[in-house]
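Reading through the structure tokens given below for one structure.
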Amino acid sequence: MSESNAFRLTRRHFLGTVAGGIALMAAGPSFAQSKTLQVLSHRVHQTSLGEGDKDLLADWKQDHDTDVVFTTLDSNPLMDRLFREASLAQTDFSVGYMVDNRPTSDNAKLFESLQEYQDKDPIEAFDDIAAGLVRGMTIDGRLIGIPVRTATQGLFYNEELLAEAGFDAPPTTLEELVAQTIAISEHGKATGMILASDLAVFPVMFARAFGGDFINSDFELLPDPAAMESALTVLADMFQKGALPRSYATNKGEELLTWMQQGRAAFCVLPFARAAQLNDPAVSNYAGKIKAIGFPISETLKGKAEMSAVVEAWAMTIPANAVDKDLAWQFIKEVSSKKNTLGMALNGNGPARVSTFLEPELTAKNALAEIESQVLSNARGAFPPFAEAARAQQIFIEEVQLAVLGRKSPQDAVAAMQTRIQPLLPA
Amino acid sequence: MKTSRMWQMVPLLAPVQLLLLSVIVIPSVYVIWLSFHTSTFGQSASFVGWENYVRVLTDPGFHNALWNTVVLVVVAVHLEMLIALGMALLFNSGLWFRRILFVAVLAPYAVSEVVGVAMWRFLFDPDVGPVSNLLTALHLPLLEWSYEPSHAMIMIAILTIWMHLPFTFVIIYAARLALPSDLYEAARIDGATPLQSFRRVTMPLLGPAILVALLFRYIFAFRLFSEVWLLTGGGPARTTEVVAVYLYQEAFTFSAFGPAAATAWIMVIVSMLLASGYIYLLRRQVRNAG
């Protein structure tokens, strides 16, 4: 066909367009800051640093001529991606956030030892960062992460639903808690308590209220089996009496917030930092009415032992194969500063620094800061990290579900936990 | 074809071959290699022979997942085929508002799986779901999918049928439209009843399309994942876990890449065995047609 066409693409036009496009792409970065630091984290880590005008890192970015780009994922996919990135020959992610129940002797080798960086260019008042959290990120003598966030579990309650069921104060013992949840369910307006069944946190809290545990820091499985049996008996009784929802076995962690915000449940166990979301008038039907206390201990132990709540901590790591480790350390140093720890706490982040809880600016804004600080002082992880920890948690959850739903007796479930989990523990 | 001509075609075929090699052949070979090694993050792979296969095949969790998968595949795929066949015949017989109904039937295919499952979760929520409330109001038994394992399996089967019905329906409906009407005229003149026409004309001629649809659905259904993962997560207490969820847990929760790779190959072999009857029938049909 010889007719001329205005849209005909000649070889010269094609090559010119390709060359121009490549030149434009090459010039692209000059519009932004000259350096980019890629960070792999949960969305909550990004939002706690503030955005736009409230960006806590605005000055640091300007001083270092650096743009910080976050890639955010949910907890489990985030850990998988972080370890996958760290296993490559090289990764673009210079900083990765890691939860404290994941590092093991094997995977810790994939991350930089940060003690050398700390010795060379120290983080401000490093001793102020909770020592237990730092120990949790020290694997085989190597410090691989700087703690940045704590999520300490508290007991949230809806005071309006409690009052309607005739309770003018939250429970002070586990037995009172169980009685209140059953009474509220019988009252008919809401379910007594909502718990997620996909995490070990919740049954572990109940076991600790009886002085027991799942796996302690010495890798002792079920150090007090009778306490775990008591915990499962209580949970099964609550389920049978309707104080836990029929959907218990499929409730997931993220659903707890909406249940509480909509007033479908009167009690739940969540990190203290969730108080702002639970009381946000834009999304909660009970804004200002959802309060929190420390999870109560059983009356048999009241005054004799302290309740040890579950705390989850996140730390910032540098993959050993990262492209810009020095810049990554500068970022970690800045985020860990006292100023930014307070700034993040004001944005709803559980601080890793002990002193931040006492900052007047925080206590004035967050009425729960003092309670959280007290609970944190005796809190510890749900279980220590080890190679088969995820599999052990899954077996534990399976046996807990069977007991709570009434398909197995608590005694049989505890016996099965011992048989099935013991071989997975480190020798 | 002459050899010289074939060599001339190689540059034209090479991109496709390279693509197949890079996205199917090499990863498959790598997964075979991985299935004979133990490997996790931060640990170099070490050869363990058949250990991963033995471990998976002797795991009661895998037996349960495999049984659930087979039950769901057999029930859901055949039920889906029956519904799709009935709907195709209904559409072909002439319906009012056919275009609107056609869109309604195809809609589930346009909905993202995640959104679809979230919607069903809400509709059948035991406490506040509209469908559950309706069943309660009508004094009918509830579908307690979050508590009763058998109810959860029924719910997963209904959900997977709803999601994939458009695929089966389109294949069967297209095949039915292609059937010549003079065959039905001849059958009518010969005195065939509608049921006899269906048995003696429709079914034999729809056979190849039904086989193709069944074969594809068997293979797709064996990979069943999102419906289970998003609806029940394999619970309560792993009673609704399927093989794809088992594999996901091994690979991405436990970071046990060896057993995960072995599971993947076992999945391929079992799904081929399950579909082998239909593959045999299809081959026989192709041979007869040739």
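The values are calculated or read from the model by the stated rules, or taken from the named source; none is laboratory data. Please read these numbers as outputs of a predicted model, since none were measured by experiment. We place every Cβ from the backbone using ideal geometry, glycine too, and count neighbours over all the protein chains shown.
Rundown of residues vs (1) in contact (Cβ under 8 Å) with a residue 12 or more places away in the chain; (2) within 30 Å of residue A:104 (Cα to Cα); (3) within 14 Å of chain A (Cβ to nearest Cβ), yes/no style:
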{"residue": "B:6", "(1), (2), (3)": "no, no, no"}
{"residue": "B:10", "(1), (2), (3)": "no, no, no"}
{"residue": "B:13", "(1), (2), (3)": "no, no, no"}
{"residue": "B:32", "(1), (2), (3)": "yes, yes, no"}
{"residue": "B:55", "(1), (2), (3)": "yes, yes, yes"}
{"residue": "B:69", "(1), (2), (3)": "yes, no, no"}
{"residue": "B:72", "(1), (2), (3)": "yes, no, no"}
{"residue": "B:82", "(1), (2), (3)": "no, no, no"}
Check segment B:148-156 and report whether any residue there is part of a loop (DSSP other than H, G, I, E, B), closer than 30 Å to residue A:242 by Cα and either at pLDDT below 90 or within 14 Å of another protein chain (Cβ to nearest Cβ) (or both). yes
Inspect all residues belonging to segment A:383-392 and state whether any of them is at pLDDT below 95 and among the acidic types (Asp, Glu). yes
Inside segment B:152-185, the number of residues satisfying the requirement of being under 30 Å from residue B:237 (Cβ atoms) and among the polar types (S, T, N, Q) is 1
Can you confirm whether residue A:75 is within 14 Å of another protein chain (Cβ to nearest Cβ) and not charged (D, E, K, R)? yes
What's the number of the only condition in (1) hydrophobic (A, V, I, L, M, F, W, C); (2) under 30 Å from residue A:95 (Cα atoms); (3) not assigned by TED's automatic domain parsing to the domain that holds residue A:88 that residue A:316 fails to meet? (3)
The residue that is surrounded by the most Cβ atoms within 10 Å (Cβ to Cβ), considering only those in segment A:104-141 that are within 14 Å of chain B (Cβ to nearest Cβ) and out of contact with any strand residue (DSSP E or B) (no Cβ under 8 Å at 6 or more places or on another chain), is A:139
Given the residues A:197, A:217, A:230, which is the only one that is among the hydroxyl-bearing types (Ser, Thr, Tyr), buried (at least 17 other Cβ atoms within 10 Å of the Cβ) and not in a helix (DSSP H, G or I)? A:197
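Just for segment A:80-98: of the residues that are part of a loop (DSSP other than H, G, I, E, B) and of a type in the set (A, V, I, L, M), which one is nearest to the other protein chains (Cβ to nearest Cβ)?
A:88
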Exclusive hit being in the same structural domain as residue A:135 (by TED's automatic domain parsing) and of a type in the set (A, V, I, L, M, F, W, C), set A:327, A:301: A:327
Can you tell me which of B:244, B:264, B:260, B:251 is more than 9 Å from chain A (Cβ to nearest Cβ), within 16 Å of residue A:80 (Cα to Cα) and not aromatic (Phe, Trp, Tyr)? B:260
Please verify whether segment B:1-15 includes one or more residues that are under 29 Å from the mean Cα position of the chain (by Cα) and either surrounded by 10 or more Cβ atoms within 10 Å (Cβ to Cβ) or not aliphatic (A, V, I, L, M) (or both). no
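Evaluate the following for residue B:183: is it more than 30 Å from residue B:264 (Cβ to Cβ) and either away from chain A (no Cβ under 14 Å) or modelled with pLDDT of 90 or more (or both)?
Numbers: more than 30 Å from residue B:264 (Cβ to Cβ): yes; either away from chain A (no Cβ under 14 Å) or modelled with pLDDT of 90 or more (or both): yes.
Here the answer is yes, as residue B:183 does meet what is asked.
Residues checked against (1) in a helix (DSSP H, G or I); (2) farther than 19 Å from residue B:78 by Cα; (3) within 24 Å of the chain's Cα centre (by Cα):
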| residue | (1), (2), (3) |
| --- | --- |
| B:167 | yes, no, yes |
| B:177 | yes, yes, no |
| B:185 | yes, yes, no |
| B:196 | yes, yes, no |
| B:202 | yes, no, no |
| B:207 | yes, no, yes |
| B:213 | yes, no, yes |
Sole exception among (1) within 14 Å of chain A (Cβ to nearest Cβ); (2) over 20 Å from the mean Cα position of the chain (by Cα); (3) at pLDDT 90 or above for residue B:138, by number: (1)
Would you pick out the residues in segment A:185-224 that are within 14 Å of chain B (Cβ to nearest Cβ) and of a type outside the set (Gly, Ala, Ser)? A:189, A:191, A:193, A:194, A:195, A:198, A:199, A:203
Would it be correct to say that residue A:249 is within 14 Å of another protein chain (Cβ to nearest Cβ) and either acidic (Asp, Glu) or part of a helix (DSSP H, G or I) (or both)? yes
Can you tell me which residue within segment B:221-241, out of those that are part of a helix (DSSP H, G or I) and of a type outside the set (Asp, Glu), is nearest to the other protein chains (Cβ to nearest Cβ)? B:231
Tell me the residue from A:191, A:172, A:152 that is of a type outside the set (D, E, K, R) and surrounded by fewer than 17 Cβ atoms within 10 Å (Cβ to Cβ), please. A:172
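Could you list, in sequence order, all residues of segment B:109-122 that are closer than 17 Å to residue A:252 by Cα and surrounded by fewer than 19 Cβ atoms within 10 Å (Cβ to Cβ)? First the steps, then the outcome.
Keep residues of segment B:109-122 that are closer than 17 Å to residue A:252 by Cα, which gives B:114-115, B:117-122.
Across segment B:109-122, the qualifying residues are B:114, B:115, B:118, B:119, B:122.
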For residue A:407, only one of the following conditions fails: (1) in the same structural domain as residue A:244 (by TED's automatic domain parsing); (2) among the basic types (Lys, Arg); (3) buried (at least 16 other Cβ atoms within 10 Å of the Cβ). What is its number? (3)
Picking from A:359, A:370, A:312, A:334, which residue would you name as being more than 14 Å from chain B (Cβ to nearest Cβ), in contact with a Gly (Cβ under 8 Å, 6 or more places away or on another chain) and either surrounded by fewer than 23 Cβ atoms within 10 Å (Cβ to Cβ) or in contact (Cβ under 8 Å) with a residue 40 or more places away in the chain (or both)? A:312
From (1) more than 19 Å from the chain's Cα centre (by Cα); (2) closer than 19 Å to residue A:50 by Cβ, pick out the condition that doesn't hold for residue A:343. (1)
Selection from segment B:80-100 of residues modelled with pLDDT of 90 or more and more than 21 Å from residue B:209 (Cβ to Cβ) yields B:100
Please determine whether any residue of segment A:343-355 is among the polar types (S, T, N, Q), part of a helix (DSSP H, G or I), in the same structural domain as residue A:138 (by TED's automatic domain parsing) and touching a residue at least 40 places away in the same chain (Cβ under 8 Å). yes
Helices (runs of 4 or more DSSP H) within segment B:33-126 that include 1 or more residues within 30 Å of residue B:184 (Cβ to Cβ) and out of contact with any His (no Cβ under 8 Å at 6 or more places or on another chain): B:60-92, B:98-110
Could you tell me which numbered condition residue A:304 fails, if it satisfies all but one of (1) over 30 Å from residue A:178 (Cα atoms); (2) free of Cβ contacts under 8 Å to residues at least 24 places away in the same chain? (1)
